[in-house]
Amino acid sequence: MKLIKRFFRFIDKKIIVPITKFFVSIGEKLKLSDKPLEKALSKKSSMIILSLVLAVIVFVIIDRQNTTLLEKNAEVLYDIPLSATYNDEEYVVEGLPETVDITLIGTKANLYLAKQLPTQDVNVDLSDLKPGVHKVNLKYKQSITSVEYKLDPSEVTVVVSSKKSETRSVESDIVNLNKLDSKLAINNTKLDTDEVIIKGTEDSLAKVSTIKALINVSDMVDPKAGTNTLKDIPLIAYDEKGAKVDVEMVPSKVTATVEIESPSKTVPLEIEPTGNVIFGKAIKNITSSVQKVTIYGNSKVLDNTNSIKVKIDVNNLKSNKDYTVTIKKPAGIREISEKVVTAKVELDDEVTTELSGVKLGVVNLGSNYTAQATSENTTEVTVILKGVESIIKNITPSDVEAYVDLEGLGAGDHEVEIKVKGTDPKVKYSSKVTKTIIKIAEK
C-alpha cells in the first residue's frame, strides 16, 4: 500500500502539478476574455481536470513503451561461420557445415545490443575425438547472457579420419585464352614447382587423378610479348571425371612464368573474282585499296600462308564497279592488320585464244603407284583462254597448270577430268580436251 502511495505522490509532484501550473498560468492570461471557452479554461478546476487527463495519457504512453521494450522477440542471424578445434595436422574432419543460423530470443533492447557486439562465434571442440563417426554439439559464445539462443543445426555427425599424404605432379592449363590480345600467342608456360604434397583421407587421396594450376589470362596485368609472371595461382585437385576433390595441398598456390610471342608475317592481298561477267565481256583490271596485310597467328600456320584471298562476286556484271569487302580471317589466323578492302573491277571486250604445249600433271597419286597417260597425245594439252586481249596475249605455257586428280584411285585404267588453273584470276582457263584415260600401276 505504501508503494502505491509513493507512486501517486511521484506522479502528482512530477507530472500533475507542473502541468496544472502551466494551464493555470494560461488561464490567468485569459481572464479578461468574454468568450465561453476561454472563461471555462480560466477556471482552476478546469485546469486541474485537463492536466489530470493529460497526465494519464502520458503515463499510458510511457507504460506501453516500457511494455514493448520488455516483451520478448526473436531474430535470426543467418550464415554465421562455424569454427572447429582439432589437430588438423593429424586428422581430417568431414561432415561439418561451413555456416549455421542462430535464433536469438530476448527483449528488443538486449537483441539490439547482442547484434552490435562483434562476438558471433559458433564453435565445436573435436580435440578429444579419435578416428571414427561422432555426434557433436555446436556451441555459441554468448555476448549477452540475458539473450537465449538456438542453433540450426545444433548437432552434427562428423567423420574423423587419420590424415595421409602423397606427392603428386602438377600440370598447368590456360583458361580465358580468348581474353588475350589476338596479336599475341602463348608460346610456353612454366611453374615454379613440378610437385605438390596432397593431404587428406586415404579415400580422398585415391580419388585424385590430376593436380592443375589454372593460368587465367584474365588475371594477367597488361600481358605483352616476352616473359610474363603470374603469382598466387591456386592449385585444384580433380578426379578422373573432372570433378574437384577436397584435399589439402602444400603448397596451395604456385607462380607461373608465361612466355608470350607475337608471330606475324606480311603477305599480299589477292582479289579473286567468282562467277562470270556478262557474255562478251571480260575483266580487264582489278585494283584494290590494300595490296599487303600483316597477319598474326601460330608460326606453323604463318609458314604455310603466302597470301590472303578476298572473293568478290562478279556474276552477270555489266560494267565497271567498286566493291567494299570485309577481309575474312582464314583458319589459324588470329588477326589481320586490315579489316576492309575496296576493289575496283574494270571490264572490256572478251577474246578467246588457244594455248598449246601445256604439260599434263597428276596430283594426289598414292605413294605405292605410278601413273601415265594411255596415249602419248595426252601428255600435253591445249588450253582455251578467255579474257581481254591485252592480258591473254602475254600468257605462256609456264603460266598455266593442267592436271588430273587421282585421289582414291587404285591400279587400273581410269577416265578422269582434266583441270586447268592459271596465275591470273582475270582469265578463264579450260582444257580443249576435257577428259583423258590414265593408267595406274603398282610400283
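Observations on the structure shown:
- According to the calculation over all Cα-Cα pairs in region 352-442, the P(r) per 10 Å bin from zero is 17, 46, 25, 10, 1 %.
- Listed cross-link partners Lys311/Lys386; Lys284/Lys393; Lys359/Lys432; Lys318/Lys432; Lys281/Lys321 are compared with a 23 Å cut-off, the Cα-Cα value being larger for Lys318/Lys432.
- Region 264-348 pair-distance distribution - Cα-Cα, 5 Å bins, rounded %: 3, 14, 26, 19, 14, 11, 8, 4, 1, 0
- By the count of other C-beta atoms within 10 Å, a proxy for reagent exposure, Thr379, Thr145 are ordered fewest to most as Thr145, Thr379.
- FRET efficiency for the pair Lys224 and Asn394, taken as 1/(1 + (r/R0)^6) with r the Cβ-Cβ distance and R0 = 51 Å, rounds to 0.55.
- Projected label distance in nm at Lys439 and Gln116, using a 7 Å step from Cα toward the beta-carbon: 10.9
- Sequence-distant aspartates and glutamates (8 or more away, or on other chains) whose Cα lies within less than 19 Å of Lys328: Asp181, Glu270, Glu272, Asp303, Asp313, Glu338
- Note on Glu259 and Val351: their simple-model spin labels are 5.9 nm apart, each label 7 Å out from Cα toward Cβ.
- Directionally averaged shadow of region 315-358, computed from the convex hull of its alpha-carbon atoms, nm²: 6.2
- Note that region 206-211 has calculated 3J(HN,Hα) couplings of 5, 6, 5, 9, 9, 10 Hz, one per residue in order, obtained from phi through the Karplus relation 6.51 cos²θ - 1.76 cosθ + 1.60 (θ = phi - 60°); glycine and proline are x.
- Along its three principal directions, the equivalent ellipsoid of region 164-261 from the Cα gyration tensor extends over semi-axes of 29, 13, 9 Å, largest first.
- Pairs of lysines in region 146-208 whose Cα atoms sit within less than 30 Å of one another amount to 9, provided the residues are eight or more positions apart or on different chains.
Any read-out appearing in this document is the output of simple, stated calculations on the displayed coordinates, not a laboratory observation. In this text, all values refer to a predicted model and were calculated from it rather than measured experimentally. Neighbour counts are summed over all protein chains in view; Cβ atoms, including those assigned to glycine, are modelled from backbone coordinates with ideal geometry.
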